[in-house]
Amino acid sequence: MTARILIVEDEPAIAELIAVNLRHAGYTPVLAHDAASARQQIDAALPDLLLLDWMLPDSPGIELARRLRADSRTRALPIILLTARAQESDKLAGFEVGADDYITKPFSPRELLARVKAMLRRAAPLAADEALEVGGLRLDPATFRVQAGDTPVSLSPTEFRLLHYLMTQPDRVHSRARLLDAVWGDHVFIEERTVDVHIRRLRVALQPTGHDRLVETVRGGGYRLLPA
Ligand code: CA
């Protein structure tokens, strides 16, 4: 079955350009021109990936992203933000509300497809893997569930993969480059700072139960997960 990708973009020329390229690459694009119709499409059928424009006529794309992350049905939906805003603070705001990736306009079809492909691979279920338990954290790849003690933890696909990777090798220090390789895979367009942003989000998600202290920054080295 080919991945269904919802494109939320109010500029018809850009939406059509993206759709043509996705279709050509074997994906099934679906179009929505504002946040409200995107919501309807998502309610009707959950897509495999959301390409979400920041500036929409009815409400900002990041507001839709925030709502989708707060809803258990859509919390694991991979989201790539599209935007003309290139400022670092905006990029961080996008990640804070739960976007998994970020593409700045104008972008090449090659870059878009690379990001889409990498994102879909990252979000693919790892059903063959066994559940892991480290320092009171329990992660089950088959069900996409994480628990900190008895408390369920909501993570986006990227944070889930990041935590999963750290949990497979507790106590080992991983450089940002290594984490990009292991978690992001095809990362030719992704900056190493992206790792820091997702580590921060992971810590925020683990904070209510105090498990954020397990995620340690190693100065000059990278990150590691403490075994207890
Ligand atoms: Ca727009």
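Every number in this text was worked out from the coordinates using simple rules, so none of it is lab data. Everything quoted here is computed from the prediction, not taken from an experiment. Note: ideal-geometry Cβ built from the backbone for every residue, glycine included; neighbour counts use all protein chains shown.
General observations
- Candidates per trypsin sites (Lys or Arg not before Pro) in the range 146-210, loop by DSSP, up to 16 other Cβ within 10 Å: Arg172
- Calculated mean residue ellipticity at 222 nm for the chain: -11500 deg cm²/dmol, from DSSP H runs with n ≥ 4 weighted as -39500 (n - 2.57), summed, divided by the residue count and rounded to 500.
- Length gained when the stretch Leu120-Ser89 is fully extended (0.36 nm per residue, less Cα-Cα span): 8.6 nm
- Percent of beta bridges antiparallel (DSSP, the chain, rounded to nearest 5): 45
- Between 0 and 90°, nearest 10: helix 35-44 axis offset from the chain longest Cα axis: 70
- The GNM of the chain, with springs linking C-alpha atoms under 10 angstrom apart, assigns the highest mean-square fluctuation among Ala13, Ala76, Ala118 to Ala13.
- The ranking of Val173, Val146 by Cβ neighbour count inside 10 Å, starting from the fewest, reads Val173, Val146.
- Gain in span if fully extended, Ile14 to Tyr165, counting 0.36 nm per residue against the direct Cα distance: 50.8 nm
- Rounded to the nearest 20 debye, the dipole magnitude of the range 109-174 is 460 debye, with +1 charges on Lys and Arg beta carbons, -1 on Asp and Glu beta carbons, and the Cα centre as origin.
- Of His164, Leu6, Val134, farthest towards positive along the dipole that unit charges on Lys, Arg, Asp, Glu beta carbons give the chain: Val134
- Gln40-Arg203 FRET efficiency (beta carbon distance; Förster radius 22 Å; 0.05 resolution): 0.05
- About its Cα centre, the dipole of the range 4-124 is roughly 540 debye, where the only charges are +1 on Lys and Arg Cβ and -1 on Asp and Glu Cβ.
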